Each structure stands twice: as structure tokens, then as C-alpha cells.
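Notes follow the structure.
The values are calculated or read from the model by the stated rules, or taken from the named source; none is laboratory data. Here the structure is a predicted model, which means the values were calculated and not measured. Here the Cβ positions follow ideal geometry from the backbone for every residue, glycine too, while neighbour counts run over all protein chains shown.
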Amino acid sequence: MKKIRLKEGEVKEIVYNDLNISTLLQVYNAQSADHLVGDIYLRVDNDGEPITDFYMDNDVSTTEYHTRVYKNYFLTFLIENNNKYLVIEQANFGKAFALSSNGSAIVGDKDDLVELEITDFVLETGYDAPPSESNRNYFSNVNYSLKVKIGDVVKNFSFYSSGIKDNFIVNLDHFSILILSDKYEDSSALIEMVVNKK
């Protein structure tokens, strides 16, 4: 595990195993534009290519994922005593992380690897009754497709964002994937999950 202290406005170069990471931390305070006050933004690149970003604001209703996965690494944005850190560690079982629709991930060690990828996500909207019904309700639901590869075995799973509220679990022979939450945007999505070994 590597814990790197970040400084505002400074591009930090980090080498960790096969990663060549650079970070840029922006902190917006009272001297910033009104709509940015309290916002913190961290961009993380690998070999010049953007791999993830973290955004935090003062709105407590905003869902934030502080641990993301890239290749076989967890990247965690951490704030302790007003100090800001990026923590890099091997992606192992039992820890919650967010998988982005913009990339795949590998969790586990060399003997037990679980490869994950969001292959599709579709927003479905509409009404639950015809227009003639006065008490019809509008609904919005995202249908996710998740590809899981263990060794040479590939399985595909489909589930809706509405089903995640009930701790949706994908059960495999020797592993389980607990889907905790999701975050949908027009062109991307994040699914927070925990991969456990049985």
C-alpha cells in the first residue's frame, strides 16, 4: 500500500508497481467563485491518460465514492485532519469500491482473480399506467449489464438500479458480489460493490 499526501494545485508524479500516476488536486474556497465554494476535485491520470476523478462538495445528498478500481488497484481519496491523500493498494476481496463504466477491473490475487466490466447501462423511464389513469406514477430505472470472468468462465448478469436497494447479490461458485449502490450519468455510470471469496 502507498499513501501519498497531495498538495493543492500541485501535479504529483507517483510510481507504484506498473503504474505511472499523476494527480492534480483543486480545492475551492471562499476566494473561489460562489458555486465552487467547498468543492474538492482530484484528477488521476496514468501515463497521461485520465483514469478516474474524485469530486466532493458540501451537499450531503451527493453520493461520493472514495475508492475506485483501476486495473488491479484500489485508488482511495482520503481526508484526514484536513490533509488530503491518495492511497494506492492491490485490489483485494472484502473492500467496497466503485467500478466505472469507462473501464474494467481485476480483484483478487494471482491464484484467484475476478475480472469485472460494466458492458451496458440503459436508463428506462415512463409511467406505470396509461394516460387515462389519474393516479399513474413516473418511474426512472437503470438496467445494468455486468460481465464477470473467473479463469476461462465468463458470465453476464443484468439487474436494475431499483433492485440494488435490497442488497443485490451475484452468487458465483467460490465468490459473491454484493452490489451496494449506483450512480448514473448520461454517458457514464458507477456501481459500488464488494467482491467476497466464499
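In this structure, K165 does not satisfy being out of contact with any Lys or Arg (no Cβ under 8 Å at 6 or more places or on another chain) and surrounded by 12 or more Cβ atoms within 10 Å (Cβ to Cβ). Checked against the criterion of being over 22 Å from E49 (Cβ atoms) and not assigned by TED's automatic domain parsing to the domain that holds E64, the candidates F97, F139 yield just one match: F139.
If you check K183, K155, K197 for being within 23 Å of T52 (Cβ to Cβ), of a type in the set (D, E, K, R) and surrounded by 11 or more Cβ atoms within 10 Å (Cβ to Cβ), only one passes: K183.
So that you can scan it fast, the table gives a plain yes or no per residue for (1) at pLDDT below 85; (2) within 17 Å of the chain's Cα centre (by Cα):
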{"site": "I21", "(1), (2)": "no, no"}
{"site": "N29", "(1), (2)": "yes, no"}
{"site": "D39", "(1), (2)": "yes, no"}
{"site": "D47", "(1), (2)": "no, no"}
{"site": "N58", "(1), (2)": "yes, no"}
{"site": "T63", "(1), (2)": "yes, yes"}
{"site": "H66", "(1), (2)": "no, yes"}
{"site": "V69", "(1), (2)": "no, yes"}
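Can you spot a residue in the stretch 176-196 that is over 28 Å from L19 (Cβ atoms), without any contact (Cβ under 8 Å) to a residue 60 or more places away in the chain and in a loop (DSSP other than H, G, I, E, B)? Yes: one or more hits.
Residue-by-condition table, conditions (1) among the hydroxyl-bearing types (S, T, Y); (2) at pLDDT below 95:
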site: D120; (1), (2): no, no
site: Y144; (1), (2): yes, no
site: N167; (1), (2): no, yes
site: D182; (1), (2): no, yes
site: S187; (1), (2): yes, yes
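For V114, state whether it is under 15 Å from the mean Cα position of the chain (by Cα), surrounded by 13 or more Cβ atoms within 10 Å (Cβ to Cβ), farther than 23 Å from I40 by Cβ and touching a residue at least 40 places away in the same chain (Cβ under 8 Å). Spelling it out, it is not the case that V114 is under 15 Å from the mean Cα position of the chain (by Cα), surrounded by 13 or more Cβ atoms within 10 Å (Cβ to Cβ), farther than 23 Å from I40 by Cβ and touching a residue at least 40 places away in the same chain (Cβ under 8 Å).
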